[in-house]
Amino acid sequence: MDTLRRFQQLAYGMFIHFGMSTFVGKELPGGKDPSSTYAPDKLEVDQWIQVARDAGMKYAVLTTKHVA
């Protein structure tokens, strides 16, 4: 069975979009914010996955960059 078909059979999951826009509140940040703005030191990633699991999701995909 091909990869796409196997993925489709999972049926229910979530995509997490996480990057600079998460911290600056803009869809397309200009890239001029200081690197200190991006400070993911207090994330509760385990909580994200627990929520997905408790909701019956079969997968989670983390997207960290949307555009070039």
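The values are calculated or read from the model by the stated rules, or taken from the named source; none is laboratory data. Please read all numbers here as calculations on a predicted model, not as lab measurements. Positions of Cβ are backbone-derived with ideal geometry, glycine not excepted, and every protein chain shown enters the neighbour counts.
Which members of segment 8-30 meet the condition of being closer than 15 Å to residue 58 by Cα and touching a residue at least 40 places away in the same chain (Cβ under 8 Å)?
Scanning segment 8-30 gives 10, 11, 12, 13, 14, 15, 16.
Checking residue 49 against (1) at positive phi; (2) modelled with pLDDT of 90 or more, which test does it fail?
Every listed condition holds for residue 49 apart from (1).
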